[in-house]
Amino acid sequence: MKNMIDLLAKELQEAFAAAGYDGSYGRVTVSNRPDLCEYQCNGAMAGAKAYKKAPIMIANDVVEKLQDSSVFSQVQAVNPGFINLKVKEEFLADYLKQMDADEHLGVAQAEQPKTIMIDYGGPNVAKPLHVGHLRSAIIGESIKRLGRFMGHKVIGDVHLGDWGLQMGLIITELRHRQPDLVYFQEDYEGEYPTEAPFTISELEEIYPAASAKSKEDEAYKEDAMEATHKLQQGNPGYMALWNHILNVSVTDLKKNYEKLNVTFDLWKKESDAQPYIPDMVQYLKDEGYAHLDQGALVVDVKEETDTKEIPPCMILKSDGASLYNTTDLATIVERMKLFHPDEIIYVVDKRQELYFTQVFRCARKAKLVEEDTGLFFLGFGTMNGKDGKPFKTRQGGVMRLENLIGEINEEMYQKIVENQNRNVQSEDAKATAQVVGLAAIKYGDLSNQATKDYVFDVDRFTSFEGDTGPYILYTIVRIKSILSRYMEEGGNPQECCMKGASSDSEKALMLELSKFNGVIESAYQEKAPHKICSYIYDVANAFNHFYHETKILGEEDVEKKQSWIALLVFARKVLEVCIDILGFSAPERM
Ligand code: ARG
């Protein structure tokens, strides 16, 4: 289905052409003077030079051609040459009905669906999830859902960090604590135990302890590096331990992501890419892409047009060890082989931007991807506390994701209990608080442009008023409650049908709703979930305005009332589809 704005533009283009001007001047935008009109066309101003004519004359010519339009109720040329437009109510209602009848609410499905891989989440095994991983999960999840809504095949991969020094650190610390474990016996030949020698909470304590020690004790750090190396060489005892670490950790991660309503199609990890490294290195050497530089194997990736220095991409260190780069390049090789994606999108902290520039250039230069494979870096900014510094606990430590969620849910719970004047069951309120709390977190994050840093403000994010998740949910719940009262009165919303608007606020709501497909398409093009947030904020405002001006259920005129009910059903649908793309949902009551 065509976007509203494109349909309107088509009318204008035809009118320009009919009046003897080039149709391409018929561009339409949303009005920046909503008090005067709904849409506007500035084409007459743009054409004035080419036609050596006053813009208002061109505008007048065009307006004349639109007098009998079935689309516009008002077309006006105003000085110095704007064309102000208002849409006919029947046309608008018709458009909404068509959207309503369409499975994707008027969003045209991709004609040639792409395979898109999204690399997001990126947690590191054995380290607790902290708020830094929150943004990747939230943004990645919504980009995934958005791509699917457009009809693409989207594969989400968590890309676990399981191959770095952290593994060696944990193994080393375990050896210090429990040297007698069979995993450390060189000559052990039996089966290794199936039960892990630690729990998740022990594991989460072991890593920071080991990491702190390694910073103070050089010998300890050497040990950890040695252990990492041995693991990477396939030492059986270490491999068995690594498996335990992985299992315990992944079980916990899955639980946490579930709470965030974030799911991955693939639980691939850095270690899965390792087998691709030797052939890749050989290829880079054979084809002359890589060369030795002070003992290290590197690929030059600078380009003439660079305005800042882009260092070479290092493939192997001088001691032959592989790096984060090597793993990412090998992962690209693996992904191309297994999934042949048209695009790979990385949702990672923007501080890794230069790094990804190197990796992408190297992949392209060495033809690890095809010419038209898209590699995109979607870098996000830092989530700060109210003091403008990276978000911390009250004690100043790294905030664990679990605790952050707990804190928000508690705050939500208090607000819900305060807000409800009827008696709420505390269990009920707890469950609702979880649903609303998630919306508070996700909307608070997604409503900012991803690349920007933002302040995580618990008070603001959990507020029922203003540009917040809870406000959006509150609006949906309000609609649901009107609809259920309508049903209690014996009405059937399914039998209601939208008619033209009978008030300005109703028309304003209809106009907002008609923008849905355009918004979704541009949010997808620009990988910008914040556009969906600002859209549903506008819809919610338009709805609440209409609601405050209209006695919906008290209306005597049956046809009018039914038309409003149908509009409500549709508004709810649009809002619910949007929040689903953003990755949260609405409760029944709140
Ligand atoms: N594990 C990494 C970190 O915590 C993020 C991984 C991002 N994805 C990637 N393909 N490098 O920083």
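The values are calculated or read from the model by the stated rules, or taken from the named source; none is laboratory data. Here the structure is a predicted model, which means the values were calculated and not measured. For neighbour counting, all protein chains shown are included, and Cβ atoms are generated from backbone atoms with ideal geometry for every residue, glycine included.
Residue check: Lys144 meets all listed conditions (1) in a helix (DSSP H, G or I); (2) more than 16 Å from the ligand (Cβ to nearest atom) but one, namely (2).
Pairing residues of segment 116-137 that are among the aromatic types (Phe, Trp, Tyr) and assigned to a strand (DSSP E or B) with residues that are at pLDDT 90 or above and near the ligand (Cβ under 8 Å from one of its atoms), at Cβ distances under 8 Å and at least 6 apart in sequence or on separate chains, gives no pairs at all.
Answer with yes or no whether Leu105 is assigned to a loop (DSSP other than H, G, I, E, B) and more than 16 Å from the ligand (Cβ to nearest atom). Criteria met by Leu105. Does segment 260-283 include one or more residues that are within 30 Å of Phe198 (Cα to Cα) and surrounded by fewer than 13 Cβ atoms within 10 Å (Cβ to Cβ)? Scanning segment 260-283, I find at least one residue that is within 30 Å of Phe198 (Cα to Cα) and surrounded by fewer than 13 Cβ atoms within 10 Å (Cβ to Cβ), so the answer is yes.
Table: residues versus (1) more than 30 Å from Arg572 (Cα to Cα); (2) among the polar types (S, T, N, Q); (3) buried (at least 16 other Cβ atoms within 10 Å of the Cβ); (4) modelled with pLDDT of 95 or more.
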{"position": "Leu7", "(1), (2), (3), (4)": "no, no, yes, yes"}
{"position": "Asn42", "(1), (2), (3), (4)": "yes, yes, yes, yes"}
{"position": "Glu64", "(1), (2), (3), (4)": "yes, no, no, yes"}
{"position": "Met99", "(1), (2), (3), (4)": "no, no, yes, yes"}
{"position": "Asp102", "(1), (2), (3), (4)": "no, no, no, yes"}
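Conditions (1) assigned to a loop (DSSP other than H, G, I, E, B); (2) within 16 Å of the ligand (Cβ to nearest atom); (3) touching a residue at least 60 places away in the same chain (Cβ under 8 Å), marked per residue:
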site: Asn256; (1), (2), (3): no, yes, yes
site: Ala273; (1), (2), (3): no, yes, yes
site: Leu284; (1), (2), (3): no, no, yes
site: Ser318; (1), (2), (3): yes, no, no
site: Ile332; (1), (2), (3): no, yes, no
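Filtering Asp162, Asp119, Asp157 for residues that are within 16 Å of the ligand (Cβ to nearest atom) and modelled with pLDDT under 95 leaves a single hit, Asp162. Just a yes or no: is a residue in segment 227-234 surrounded by fewer than 16 Cβ atoms within 10 Å (Cβ to Cβ), of a type outside the set (Val, Ile, Thr) and within 30 Å of Arg135 (Cβ to Cβ)? Looking for residues that are surrounded by fewer than 16 Cβ atoms within 10 Å (Cβ to Cβ), of a type outside the set (Val, Ile, Thr) and within 30 Å of Arg135 (Cβ to Cβ), one finds none in segment 227-234, hence no.
What about Leu174, is it away from the ligand (no atom under 16 Å from the Cβ) and crowded, with 23+ Cβ neighbours inside 10 Å? Yes: the conditions hold for Leu174. Would you check if Lys573 is touching an Asp or Glu at 6+ places or on another chain (Cβ under 8 Å), modelled with pLDDT of 95 or more and crowded, with 18+ Cβ neighbours inside 10 Å? Against the criterion (touching an Asp or Glu at 6+ places or on another chain (Cβ under 8 Å), modelled with pLDDT of 95 or more and crowded, with 18+ Cβ neighbours inside 10 Å), Lys573 does not qualify. Checked against the criterion of being within 16 Å of the ligand (Cβ to nearest atom), free of Cβ contacts under 8 Å to residues at least 40 places away in the same chain and part of a loop (DSSP other than H, G, I, E, B), segment 362-382 has at least one qualifying residue.
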